[in-house]
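Reviewing the structure listed below.
We did not get these values from a lab; they are worked out from the coordinates using the rules stated. Quantities reported herein were computed from a predicted structural model and do not represent experimental measurements. Glycine gets a Cβ as well: all are built from the backbone with ideal geometry, and neighbour counts include every protein chain shown.
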């Protein structure tokens, strides 16, 4: 019996992991924006960034959690700038 292991790079697992993307390329967070609106997704991003920073020292791969926190902070900033542009 053979096993094939498919691995994503660390950046793919942080920035665009397959398990958060549909087969047609929609990412979960994009659908969340459509359903809940930008303000709620911004709050979600702030809270997720906090969660990843909180747990980072207690997990084996601290850097990966901090990269995830940074991703959510960047998404928050992007959404904030997007809202300002649309005014």
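Look through 73, 79, 66 and report the one residue that is assigned to a helix (DSSP H, G or I), surrounded by 12 or more Cβ atoms within 10 Å (Cβ to Cβ) and within 11 Å of the chain's Cα centre (by Cα).
Details: 79 fails: within 11 Å of the chain's Cα centre (by Cα); 66 fails: within 11 Å of the chain's Cα centre (by Cα).
Only one candidate passes the filter, namely 73.
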Self-check item: Conditions (1) surrounded by 14 or more Cβ atoms within 10 Å (Cβ to Cβ); (2) outside any helix (DSSP H, G or I); number of the one not met by residue 60
Solution: (1)
